[in-house]
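K.L.:
This is the structure, below, for whatever I ask next.
Just so you know, all these numbers are worked out from the coordinates, no wet-lab data involved. Remember, predicted model here, so these are calculated numbers, not experimental data. Note that each Cβ is placed from the backbone with ideal geometry, even for glycine, and that neighbours are counted across all protein chains shown.
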Amino acid sequence: MGDIYQAPEAELIDDSVEREPVYGGFWLRFIASFIDSIWVMALTFTLGWMVYGAIYFESTDIIQGGADFFISYVLPFVLTMAFWFYWAATPGKMLLGLKIVDANSLDKASKGRLVLRYFAYYVSLIPLGLGFFWVAWDKRKQGWHDKIARTLVVKDKEPGSCVTTPRIFSQSRLNPPPLPRSTSLSQQ
């Protein structure tokens, strides 16, 4: 019988060895894009209908006017940038536990890289969407827009866990500290 006070032997994990991240593959990114398309379309169609009425859906014009340009192009750009800047992911990516990182450092991508990534979508789109399909074949699961901006899409956490709870709902807010006892007049 061995020494009962001896610590059990276990393999130590070498933290100095860099581990390859888990990349967001084609189908996960496709689903995230589909989720994002649904909420962006719902928002832009609703705003377009509120501004232009039913004619918004009946017209054959690509752009109905200045408000339509803002609703269809500027607003989605601003919303996407806001999500990327603050959470490194759009709502679809957040729901699936994905985030965008710098391809070299695996840290948060710079704002400049994220803006470049957005406009590089058009490069991925032009040749029949080949730049998006490239994610399926690439070793690091990068589309052309990722390669141009030097970004990666990686698994961050379990799906849905990257959505943070607002501070107002934190435990300390739900259970405030007790109020100090006041002295009653009878004790004075």
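K.L.:
Inspect segment 100-113 for any residue being touching a Phe, Trp or Tyr at 6+ places or on another chain (Cβ under 9 Å), of a type outside the set (Val, Ile, Thr) and farther than 14 Å from VAL154 by Cα and give the result as yes or no.
P.N.:
yes
K.L.:
Condition first: more than 25 Å from TYR23 (Cα to Cα) and of a type in the set (Phe, Trp, Tyr). Now tell me which residues in segment 57-94 satisfy that. Step through it out loud before you land on a result.
P.N.:
Taking segment 57-94 and keeping what is more than 25 Å from TYR23 (Cα to Cα), we get 57-76, 78.
If the condition is that a residue be more than 25 Å from TYR23 (Cα to Cα) and of a type in the set (Phe, Trp, Tyr), then PHE57, PHE69, PHE70, TYR73 are the ones that fit.
K.L.:
Do any residues in segment 18-46 that are in contact (Cβ under 8 Å) with a residue 40 or more places away in the chain and of a type in the set (D, E, K, R) have Cβ atoms under 7 Å from those of residues that are surrounded by 12 or more Cβ atoms within 10 Å (Cβ to Cβ) and in a helix (DSSP H, G or I), where the two are at least six apart or on different chains, and which pairs are they?
P.N.:
Once the first residue is in contact (Cβ under 8 Å) with a residue 40 or more places away in the chain and of a type in the set (D, E, K, R) and sits in segment 18-46, its partners that are surrounded by 12 or more Cβ atoms within 10 Å (Cβ to Cβ) and in a helix (DSSP H, G or I) give ARG29/VAL135; ASP36/PRO91; ASP36/GLY92.
K.L.:
I've got another one for you. Would you check which residues across segment 56-107 are assigned to a loop (DSSP other than H, G, I, E, B), among the polar types (S, T, N, Q), within 19 Å of ILE148 (Cβ to Cβ) and in contact with a helix residue (DSSP H, G or I) (Cβ under 8 Å, 6 or more places away or on another chain) and list them? Can you show your working first?
P.N.:
Taking segment 56-107 as the starting set, the residues that turn out to be assigned to a loop (DSSP other than H, G, I, E, B) are 59-65, 88-90, 96-97, 103-107.
Okay, now just the ones that are also among the polar types (S, T, N, Q), so 59-60, 64, 90, 104-105.
Remaining after also requiring within 19 Å of ILE148 (Cβ to Cβ): 90, 104-105.
Within segment 56-107, just THR90 meets the criteria.
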